[in-house]
Amino acid sequence: MPQILYTVRAACKDVQQRGRFLSWLSPNHVLEVKAGGATGVRIVLPEREGETGPAVVETQYAFPSRKTFDIYIRDHAPVLRADAMKHFPPESGVTFARQIAEIAMEL
């Protein structure tokens, strides 16, 4: 049964906002996702494209199976997403994108 890699990409308008986002993200939010079934978390800060590009945070969560991930999405994600929207509503300029992938191989 393949593991699931769930990536949430938050694009912040500048590095100051990214700092506030990181303070909100870890440790509390990350620990809540782990309590919902994630077995591993990686927070990645991609390089910015010049000084005007968004300051991005990619949070990668590993889930042991699709079933565990589906339970997380059904039972835990709605509350956690609502909390994110409370702290970073659309008018804040933070945008979110999500990707779901199967982990084919780890070496």
- Note on the structure: Rounded to the nearest 10, the angle in degrees between the Cα long axis of helix 15-24 and the longest principal axis of the Cα atoms of the chain comes to 40 degrees
- Query: How much length, in nm to one decimal, is gained on full extension between A62 and K13, taken as 0.36 nm per residue of separation minus their Cα-Cα distance?
  - Reply: 14.9 nm
- Note on the structure: Here the relative contact order (percent) of the chain, from C-alpha pairs under 8 Å and at least 6 apart, is 46 percent
- What are the radius of gyration and Dmax of region 1-67, computed over its Cα atoms and given in Å? 13.4, 43
- Query: Rounded to the nearest 500 deg cm²/dmol, what is the calculated helix-only ellipticity per residue at 222 nm for the chain, with -39500 (n - 2.57) per DSSP H run of length n ≥ 4?
  - Reply: -10000 deg cm²/dmol
- Item | Most positive-pole-ward Cα, G53, V79, S26, against dipole of the chain from beta carbon charges | V79
- Tell me the GluC sites (Glu not before Pro) within region 1-89 that lie in a loop according to DSSP and have at most 14 other beta-carbon atoms within 10 Å. E47, E49, E51
- How high is the FRET efficiency from S92 to K34, r the C-beta distance, R0 35 Å, rounded to 0.05? 0.90
- Task: Quantify how much of the Cα-Cα distance distribution of region 24-102 extends past 22 Å, in percent.
- Result: 28 percent
- Query: Distance from the Cα centre of region 1-64 to that of region 67-107, in angstrom?
  - Reply: 10 Å
- Can you pull the one-decimal nm distance between simple spin-label points at L22 and M105, each 7 Å off the Cα toward Cβ? 3.4 nm
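If the only charges are +1 at each Lys and Arg Cβ and -1 at each Asp and Glu Cβ, what is the size of the charge dipole of region 1-93 around the Cα centre, to the nearest 20 debye? Mind dumping the intermediate values first?
Numbers: 12 positive and 10 negative charges, 52 e Å.
Dipole of region 1-93, to the nearest 20 debye: 260 debye.
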- In straight Cα distance, which lysines are under 19 Å from K86, not counting same-chain residues fewer than 8 positions off? K13
- I71 and M1 label points (each 7 Å along its Cα→Cβ direction) are spaced in nm at 0.9 nm
- Message: Show me, for region 45-58, the HN-Hα J-couplings you get by feeding each phi into the Karplus relation (A = 6.51, B = -1.76, C = 1.60, θ = phi - 60°), rounded to Hz, glycine and proline as x.
- Response: 10, x, 4, 7, 8, x, 7, 9, x, x, 8, 9, 10, 10
- Item | Nearest-ten-degree value, helix 66-75 long axis tilted from longest Cα axis of the chain | 60 degrees
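We did not get these values from a lab; they are worked out from the coordinates using the rules stated. Since we're looking at a predicted model, the values are computed, not measured. Positions of Cβ are backbone-derived with ideal geometry, glycine not excepted, and every protein chain shown enters the neighbour counts.
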